[in-house]
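Comments concern the structure below.
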Amino acid sequence: MVLQAEEGRLTTSPARVLVATAVPAERDAVARAFPAPAAGLSRPGVALHRLPDGGPDLLAAGVGPALAAASTAAALTAAALDGAPYGLVVSAGIGGGFPPHAPVGSLVVADAITAADLGAETADGFLPVTDLGFGTVTHHPPPALVRATAAATGARPGTVLTGSTVTGTAERAALLRARHPHALAEAMEGFGVAEAAAAHGVAVLELRAVSNPVGPRDRAAWRIGEALAALTDAFGKLAPVLRSWNPHDAHDRPDR
C-alpha cells in the first residue's frame with residue numbers, strides 16, 4: 001500500500017498484486033478476466049505480463065514448488081528493487097479436488113497452504129519437517145482476504161496441499177486426507193509461492209479451480225477447459241477484492 005497526498009490529506013492507493021500461475025494457459029485464463037490486454041515486461045530471471053488500469057501483474061512461474069518459489073522470488077525482488085513492491089501474491093491455477101466437497105468445476109480458496117510431502121518417512125510413518133526441527137509446512141493467508149474471496153467467488157475455504165508429485169492412486173488420496181482432514185484440493189505450486197512471499201514479508205492467497213478428482217489417474221475424467229473457464233470467471237469477480245486489499249489486514253489471526 002502506498003501513501004499519497006491528496007487535497008492536504010493522506011490517502012492510500014491499492015496494493016500491487018502479483019498473480020503466479022504454473023503455466024501460460026492458467027496465466028492467460030486469469031488475463032481473460034480483465035478487459036484490457038496485458039503487456040510483456042522483462043525483469044532479471046523472470047518474464048511478467050502487466051495488466052493496465054491497476055490490474056495485477058501475471059507470472060507463469062513454472063511447474064512444481066521449487067521453480068514456483070524461485071520465479072516468484074525473482075519477481076518480488078525485481079519489484080522491490082524498482083521501488084514498487086507487491087503487497088499481495090496470489091497463487092492461482094487449476095488443481096485436483098478431494099471429493100465430494102470439491103467437485104470438478106468448483107473453486108477452492110486456501111485458508112491453509114500446506115506442503116504435503118515435506119518431511120521424512122519413518123518406521124512409525126511420515127514426519128513433517130517441523131517435527132524434525134526445521135522450517136514450516138503451512139502458510140496461512142489473511143483470514144479476512146480468504147473470507148472476501150469466498151464471498152465474491154463462491155470458492156470453498158479449506159486446506160490446499162502442495163506436492164511435487166500429483167496423486168495418482170486411491171490409496172495415496174486416502175492417506176493425504178487422513179493426514180490433512182481439512183484438505184479440499186492439491187496442486188504443485190502454492191507452498192513454493194507462499195515461501196517466496198513469506199521471505200519478502202508479503203501476504204499470500206491461493207485460489208484453485210478443480211479440474212479433476214484427487215485419486216486414480218484418469219485423464220479422460222479431467223475437465224481442464226471447464227476449470228480454466230471457472231478460473232477466468234473467478235478472477236472477474238475477485239478483481240474488486242484485489243483492488244481494495246489492504247496489506248494491514250494481513251496481520252489478523254488465522255481462523256484455526
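The values are calculated or read from the model by the stated rules, or taken from the named source; none is laboratory data. What you see is a predicted model, and the numbers here were worked out from it, not measured in a lab. FYI the Cβ positions are ideal-geometry reconstructions off the backbone, even for glycines, and counts take in every protein chain you see. Surface accessibility is based on the protein's heavy atoms, side chains included, excluding ligands, DNA and RNA. Shrake-Rupley method; radii C 1.70, N 1.55, O 1.52, S 1.80 Å.
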Charges at C-beta only: +1 for Lys and Arg, -1 for Asp and Glu. How large is the resulting dipole of the chain about its Cα centre, in Debye rounded to 20? 380 debye
Local charge sum around T165 (other residues, Cβ-Cβ under 12 Å, Lys/Arg +1, Asp/Glu -1)? 0
Placed amide H near L205: partners under 5 Å, 5+ positions off or other chain: V89, V90, S91
If you count only protein heavy atoms with a 1.4 Å probe, what accessible area per residue comes out for the chain, rounded to a whole Å²? 46 Å²
Residue by residue, what Karplus-based ³J(HN,Hα) values in Hz, rounded to whole numbers, does the stretch 71-82 have, using 6.51, -1.76 and 1.60 with θ = phi - 60° and x for Gly and Pro? 5, 5, 4, 4, 5, 5, 5, 4, 5, 5, 5, 6
Rounded to whole Hz, the Karplus (6.51, -1.76, 1.60) HN-Hα couplings of the stretch 211-220, x for glycine and proline: 9, 6, x, 6, x, x, 6, 9, 5, 5
Taking +1 at the Cβ of each Lys and Arg and -1 at the Cβ of each Asp and Glu, which of P143, A198, L175 sits farthest along the dipole of the stretch 114-213 towards its positive end, judged by Cα position relative to the Cα centre? P143
Applied in sequence order to the stretch 163-173, the curve 6.51 cos²θ - 1.76 cosθ + 1.60 (Karplus, θ = phi - 60°) yields integer Hz couplings, x standing for Gly and Pro, of x, 7, 10, 6, 4, x, 9, 5, 5, 5, 4
Under 13 Å, Cβ to Cβ, from R50 - net charge with Lys/Arg +1 and Asp/Glu -1: 0
Residues whose built amide H sits under 5 Å from the amide H of G168, excluding neighbours closer than 5 in sequence, are none
Among A74, F126, L48, whose Cα projects farthest towards the positive end of the dipole of the stretch 1-142, with charges put on the beta-carbon of Lys, Arg (+1) and Asp, Glu (-1)? L48
Towards the positive end of the charge dipole of the stretch 1-151, with charges on Cβ (+1 Lys, Arg; -1 Asp, Glu), say which of G64, P85, A110 has the farthest Cα. P85
Could you calculate the FRET efficiency of H248 with A151 from 1/(1 + (r/R0)^6), where r is the beta carbon distance between them and R0 is 22 Å, rounded to 0.05? 0.65
If you average the C-alpha positions of the stretch 54-103 and of the stretch 220-238 separately, how far apart do those two centres end up, in angstrom? 17 Å
Heavy-atom accessible area of the chain with neighbours in place, 1.4 angstrom probe: carbon+sulfur share in percent works out to 57 percent
Identify which of F126, F34, F98 has the largest mean-square fluctuation in a Gaussian network model of the chain, with springs joining Cα atoms closer than 10 Å. F126
